[in-house]
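These notes concern the structure reproduced below.
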Amino acid sequence: MIMLSQHFLTILAYKLKMDFTVRVMDLFLYAGEEILISVLFNVIRLTQDTILRLEDEKLFRYLLEDMINNCCEEFHISTLLCYC
């Protein structure tokens, strides 16, 4: 979870597209930090197959750099923002 702290501390705006960042910020201001936890949980849930396949350095790089952007490209924004 330490690897995801930069995403949490920057309110998921670290490496995201502007439209997604604006939606997350709106929901963050409305609902609080629960939205950040929910989005990160959904991203991990949707990318779990890839996460389980990777090892060591590739896993570390994926979690830091590619996971959220890959998820945003592959899934619709409403899928990432749903409360599951």
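The values are calculated or read from the model by the stated rules, or taken from the named source; none is laboratory data. Please read these numbers as outputs of a predicted model, since none were measured by experiment. Counting neighbours? That spans all protein chains shown, and the Cβs are built from the backbone with ideal geometry, glycine included.
Residue pairs, Cβ under 9 Å, 6 or more apart or interchain, first in segment 18-39 and farther than 15 Å from Ile68 by Cα and free of Cβ contacts under 8 Å to residues at least 40 places away in the same chain, second assigned to a helix (DSSP H, G or I) and hydroxyl-bearing (Ser, Thr, Tyr). List them.
Sorted first by the residue in segment 18-39, then by its partner, the pairs are Ala31/Ser38.
Quick check on segment 3-15. Is at least one of its residues polar (S, T, N, Q) and at pLDDT 80 or above? Please lay out each step first, then the result.
Step one: list which residues in segment 3-15 are polar (S, T, N, Q), which gives 5-6, 10.
With the extra rule that they be at pLDDT 80 or above, the set shrinks to none.
No; the residues of segment 3-15 include none that is polar (S, T, N, Q) and at pLDDT 80 or above.
Restricting to segment 40-84, and then to whatever is among the polar types (S, T, N, Q) and not in a loop (DSSP other than H, G, I, E, B), can you tell me which residue is surrounded by the most Cβ atoms within 10 Å (Cβ to Cβ)? Reasoning before the result, please.
Filtering segment 40-84 for residues among the polar types (S, T, N, Q) gives 42, 47-48, 50, 69-70, 78-79.
Pick out the ones that are also not in a loop (DSSP other than H, G, I, E, B) and you get 42, 48, 50, 69-70, 78-79.
Numbers: Asn42: 18, Gln48: 10, Thr50: 15, Asn69: 15, Asn70: 15, Ser78: 8, Thr79: 14.
Among those residues, the one meeting the criterion is Asn42.
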